[in-house]
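Step one of this worksheet: look at the structure below.
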Amino acid sequence: MSPTRDEQHWMYRNMVTSRRFEEAIAKIYFEGKTPVFNMANGPIPGEMHLSDGQEPVAAGVCAHLTPADVVTATHRPHHQAIAKGVDLNKMAAEIFGKATGLSGGRGGHMHIFDPDVNFACSGIIAQGMGPAVGAALSRKMQGKPGVAVAFVGEGAVNQGGWHEAMNLAAVWNLPFVCVIEDNGWGISVAKKTASAVASNAERAAAYSIPGKRVEGNDPYAIYDAAGEAIARARAGEGPSLLEFETYRLAGHFMGDAEGYRPEGEKDALFEKDPIPKMRERLKADGVASEAELDDIEAQASQRVDAAITFARQSADPAPEDALTRVFAA
Amino acid sequence: MTKPNERKLTIARSMAEAIAQEMRIDPSVFVMGEDIGPLGGVYGNTRGLIEEFGDERIRDTPISETAFISAAVGAAQDGMRPVVELMFVDFFGVCFDAIYNLMAKNTYFSGGSFKVPMVLMTSTGGGYSDAGQHSQCVYGTFAHLPGMKVVAPSNAYDAKGLMTAAMRDDSPVVYMFHKGLQGMGWLGTEAGATVHVPEESYTVEIGKAKVVRQGKDVTIVSLGMGVHNALKAAKTLESQGVSAEVVDLVSLVPLDRETIRASVAKTGRLIVVDEDYMSYGVSGEIIASVTEHDISVLKAAPKRVAFPDVPIPFARVMEQYCLPNPDKIVAAWDQMKAA
Ligand SMILES: Cc1ncc(C[n+]2csc(CCOP(=O)(O)OP(=O)(O)O)c2C)c(N)n1
């Protein structure tokens, strides 16, 4: 399955928007945190897990989804949120902890919730799995169209909840796809020291469902594999397990010195940065001209700038609002 | 009091030192957890251990808390003394069966024929906008369930001695360290937590509270970060002519009710400070421990300064609104006086 010209433009636009967004967040994150790094300070406090380098997975998968489909994400959710169409202004405001944020500042960067596009998060590893499987169950029970996709990191597959949810999806034949973003690292722990299985596609056999691993962090190959799995789910043929090799160009979180990475690994990854690679391919294939690409990039920057400005200019929540919304109104 | 040329350590370093010293003399001690190897722990409390003891005894684990915590139970029952780290206490949700149904109950279920000598160390606390899955204390949740000792150091001296005591204890000990006291690279540290720590190995008794400031008008009881808030409030109160006594619980299980009761019997007033949720928790337990024993010692209704019963919000203004702080403790005194 190959993306159409429009889809390719959408994917590139999306990846660039995501990267620009992370670049903007990264810069602002250090405001108030230098010369002495203290996570509590600055306009964006708390942990910050950036998705630089992992954009092809989000774009290649979400190219097949509509707002009605369900996505659950992780502690590293920005690229997936952007690809799913989460409101960028409100998301930025949430990351700044502003009253205009998606959750009025209650959730922050690890808890991005947007009902308009059926997007939700959890900062607890693998805990997006159950809710996505449950959404798939709900669609089936209600006879409503739509699939559910859980994005997880490769570290999540060793969590008990991951297996339980996979089996449930399989035994009930649910419209569910698990997408593993394999960036090789769970904080400082390398995949090979944590997982007994090199390719998580093999784990699909444990649930008698299709499993596929795609190397190379290539948006086209990701698009292809995701398209097949999502079409299968839509057709009522059950869940699939996908593992995509991807690259974490940032630290685990901001402030991570990354001393655990082998010498030179980071430089090699930057050379394989998927965004310039896709740009080259779009041009080489004659799918986008230099001018079109420049235009896409300029628009992406504008959108991000507008979102950041919106977030910065928004008011803080009223402190006592902390006590509201604990229960449904 | 620390003298000028005495060695001061952070809690992070004192924990690592205690573990290293015990590992040198006790081959059954080993460490498991996420990122506790080459990284030295997200909180720096295992730094240097893998270099000295190697990856057989310092084991980075997969993100499989149920597996490695219940494996620690099995290893402890089989003659080892594991120290395991649950990176954030908030993650107990994925592995609590291993903790409260196995670790905490196997001694009892076996009529004492099995011992479970293990330490579960875990970080607590917020105040740095990490939101409601990475900022909780849940002290009361752990202390509520029988079968595990629970300690929470407020400074590096206690941190080292409690860790050594915990590793030598034949029962499971939950060791809860507050991120804001830890002294690690990525977060500010309450200055009062970094204190003189002797080089040699020593223990701090589990189950014994400490009166860390003498006073006669009111007793402020707290643990972990709350002790520092209490001490700051006591200073403010002193400038207003009020003499506050501060009790550092140090240990939640066993709970040193004697020390609390003796202090309140002296002062006649009680304020409990707890960063955990207000209801059904430590603050209620402390007050009950006093009132059910002898309500006549109280000159005023007790007060508590604790986290309101809401998930911990991300936004700084909201989180700070909820957290205990010295001003709220002083305000509690003012209300107590006015009443
Ligand atoms: C149950 C649980 N255990 C541990 C953590 C702490 N933690 C946060 S991210 C992370 C590594 C996750 O690795 P992976 O799933 O591969 O995702 P990545 O960070 O690489 O995107 C860990 C251990 C957590 N959030 N939840």
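The values are calculated or read from the model by the stated rules, or taken from the named source; none is laboratory data. Just so you know, these numbers come straight off a predicted model, no measurement behind them. Cβ atoms come from the backbone with ideal geometry, glycine included; neighbour counts cover every protein chain shown. Quick note on the areas: whole protein, heavy atoms, side chains included, nothing else; ligands and nucleic acids left out. Shrake-Rupley method; radii C 1.70, N 1.55, O 1.52, S 1.80 Å.
If only residues of the range B:152-176 that are farther than 21 Å from residue B:275 by Cα and among the polar types (S, T, N, Q) are counted, the one that is most open to solvent (accessible area, probe 1.4 Å) is B:171.
Looking across the range A:1-24, the residues that are assigned to a loop (DSSP other than H, G, I, E, B) and touching a residue at least 40 places away in the same chain (Cβ under 8 Å) come down to A:1, A:2, A:3. Here the condition is being among the hydroxyl-bearing types (Ser, Thr, Tyr), within 16 Å of the ligand (Cβ to nearest atom) and closer than 22 Å to residue A:169 by Cα; of A:208, A:199, it holds for A:199 alone. Given the criteria surrounded by fewer than 18 Cβ atoms within 10 Å (Cβ to Cβ), modelled with pLDDT of 95 or more, outside any loop (DSSP other than H, G, I, E, B) and not aromatic (Phe, Trp, Tyr), does residue A:27 qualify? It is true that residue A:27 is surrounded by fewer than 18 Cβ atoms within 10 Å (Cβ to Cβ), modelled with pLDDT of 95 or more, outside any loop (DSSP other than H, G, I, E, B) and not aromatic (Phe, Trp, Tyr). The set of residues in the range A:63-89 being within 21 Å of residue A:303 (Cα to Cα) and either without any contact (Cβ under 8 Å) to a residue 60 or more places away in the chain or within 14 Å of chain B (Cβ to nearest Cβ) (or both) consists of A:67, A:76, A:77, A:81, A:84, A:85, A:86, A:87.
Take the residues in the range B:310-339 that are of a type in the set (Asp, Glu) and in contact with a helix residue (DSSP H, G or I) (Cβ under 9 Å, 6 or more places away or on another chain), then tell me which one is farthest from the other protein chains (Cβ to nearest Cβ). Result: B:327. Of B:92, B:88, all but one fail to be aromatic (Phe, Trp, Tyr), within 16 Å of the ligand (Cβ to nearest atom), closer than 27 Å to residue B:21 by Cα and within 21 Å of the chain's Cα centre (by Cα); the exception is B:88. In summary, strands (runs of 3 or more DSSP E) completely within the range A:114-225 and bearing 1 or more residues that are buried (at least 20 other Cβ atoms within 10 Å of the Cβ), at pLDDT 95 or above and among the charged types (D, E, K, R) occur at A:176-182. The listed residues are A:167, A:173, A:183, and the only one of them that is within 16 Å of the ligand (Cβ to nearest atom) and not basic (Lys, Arg) turns out to be A:183.
Scanning the range B:303-312 for residues that are free of Cβ contacts under 8 Å to residues at least 40 places away in the same chain and either assigned to a helix (DSSP H, G or I) or open to solvent by 40 Å² or more (accessible area, probe 1.4 Å) (or both) yields B:303, B:304, B:309. Of the strands (runs of 3 or more DSSP E) entirely within the range B:222-298, those holding at least 3 residues that are more than 23 Å from residue B:147 (Cα to Cα) occupy B:244-248, B:270-277.
Has the range A:294-310 got any residue that is of a type outside the set (Val, Ile, Thr), more than 24 Å from the chain's Cα centre (by Cα) and exposed (fewer than 11 other Cβ atoms within 10 Å of the Cβ)? Among the residues of the range A:294-310, not one is of a type outside the set (Val, Ile, Thr), more than 24 Å from the chain's Cα centre (by Cα) and exposed (fewer than 11 other Cβ atoms within 10 Å of the Cβ), which makes the answer no. Residue B:24 passes every criterion in (1) within 16 Å of the ligand (Cβ to nearest atom); (2) closer than 25 Å to residue B:203 by Cβ; (3) surrounded by fewer than 18 Cβ atoms within 10 Å (Cβ to Cβ) apart from (1).
Each residue in the range A:94-113 was checked for being hydrophobic (A, V, I, L, M, F, W, C), open to solvent by less than 20 Å² (accessible area, probe 1.4 Å) and either without any contact (Cβ under 8 Å) to a residue 24 or more places away in the chain or within 16 Å of the ligand (Cβ to nearest atom) (or both), and 2 pass. From the list B:201, B:113, the lone residue that is outside the structural domain of residue B:44 (by TED's automatic domain parsing), open to solvent by 40 Å² or more (accessible area, probe 1.4 Å) and more than 29 Å from residue B:318 (Cβ to Cβ) is B:201. Residue B:126: away from the ligand (no atom under 16 Å from the Cβ) and within 14 Å of chain A (Cβ to nearest Cβ), yes or no? No: the conditions fail for residue B:126.
Restricting the range B:33-57 to residues that are out of contact with any Pro (no Cβ under 9 Å at 6 or more places or on another chain) and hydrophobic (A, V, I, L, M, F, W, C) leaves a set whose member that is farthest from the ligand (Cβ to nearest atom) is B:53. Out of curiosity, is residue B:307 under 17 Å from residue B:230 (Cβ atoms) and either more than 14 Å from chain A (Cβ to nearest Cβ) or hydrophobic (A, V, I, L, M, F, W, C) (or both)? For residue B:307, the condition - under 17 Å from residue B:230 (Cβ atoms) and either more than 14 Å from chain A (Cβ to nearest Cβ) or hydrophobic (A, V, I, L, M, F, W, C) (or both) - is met. Scanning the range A:54-80 for residues that are within 14 Å of the ligand (Cβ to nearest atom) and surrounded by 24 or more Cβ atoms within 10 Å (Cβ to Cβ) turns up A:54, A:55, A:57, A:58, A:72, A:73, A:74, A:76, A:77, A:78, A:79, A:80.
The set of residues in the range A:10-24 that are farther than 16 Å from residue A:276 by Cβ and open to solvent by less than 20 Å² (accessible area, probe 1.4 Å) contains only A:21. The set of residues in the range A:115-130 being away from chain B (no Cβ under 14 Å) and under 16 Å from the mean Cα position of the chain (by Cα) consists of A:117, A:118, A:119.
The helices (runs of 4 or more DSSP H) found wholly in the range A:247-329 and carrying at least 2 residues that are touching a residue at least 12 places away in the same chain (Cβ under 8 Å) and closer than 30 Å to residue B:39 by Cα occupy A:265-271. Just checking, does the range A:247-257 include any residue being surrounded by fewer than 18 Cβ atoms within 10 Å (Cβ to Cβ), more than 14 Å from chain B (Cβ to nearest Cβ) and more than 15 Å from the ligand (Cβ to nearest atom)? No, the range A:247-257 has no match at all.
The rows are residues; the columns are (1) within 13 Å of another protein chain (Cβ to nearest Cβ); (2) out of contact with any strand residue (DSSP E or B) (no Cβ under 6 Å at 6 or more places or on another chain); (3) open to solvent by less than 30 Å² (accessible area, probe 1.4 Å); (4) part of a helix (DSSP H, G or I).
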{"residue": "B:14", "(1), (2), (3), (4)": "no, yes, yes, yes"}
{"residue": "B:17", "(1), (2), (3), (4)": "no, yes, no, yes"}
{"residue": "B:20", "(1), (2), (3), (4)": "no, yes, yes, yes"}
{"residue": "B:41", "(1), (2), (3), (4)": "yes, yes, yes, no"}
{"residue": "B:47", "(1), (2), (3), (4)": "yes, yes, no, no"}
{"residue": "B:53", "(1), (2), (3), (4)": "no, yes, no, yes"}
{"residue": "B:73", "(1), (2), (3), (4)": "no, yes, yes, yes"}
